[in-house]
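The values are calculated or read from the model by the stated rules, or taken from the named source; none is laboratory data. A quick note: this is a predicted structure, and the numbers were derived from the prediction, not measured. Reconstructed Cβ throughout: ideal geometry from the backbone, glycine too, with neighbour counts over all protein chains shown.
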């Protein structure tokens, strides 16, 4: 990030706090990506293939979000969370694969619950950075919109909007 850009952010915010917030978001994205990847590989049953296909697509979306967030962290002079052990410690939300691999709705409910929490986190970040760090605000707002769409897709897969 250039000198003027850094001045603008530093005038309103503690850059280390912004980096910490974004690293939490990176960790949440990696948590989701891992869940979707694992679920896509183990899920079974009557709706399993449809749900597995959705989860395979979501892995790429979540990793894309993580990459965008990591790029912003680097722009701010930070280092993105870089090890799976750190990811688990930094992530606000935990997500485990259900033990019944034939329970496609159970996988979807777990993902839906996680997405709801992540939406809340991004919404809080958007409010926090609005008018203070325009680049971070734009990034988290765009990811927030994507997460809201994902929530709707999960609700649809579960048989309708909740």
>> Take residue 87 and tell me if it is assigned to a loop (DSSP other than H, G, I, E, B), more than 17 Å from residue 139 (Cα to Cα) and at pLDDT below 95.
In response: no
>> For residue 43, only one of the following conditions fails: (1) closer than 23 Å to residue 102 by Cβ; (2) without any contact (Cβ under 8 Å) to a residue 40 or more places away in the chain. What is its number?
In response: (2)
>> So, in region 122-143, how many residues would count as being crowded, with 19+ Cβ neighbours inside 10 Å and in a helix (DSSP H, G or I)?
In response: 8
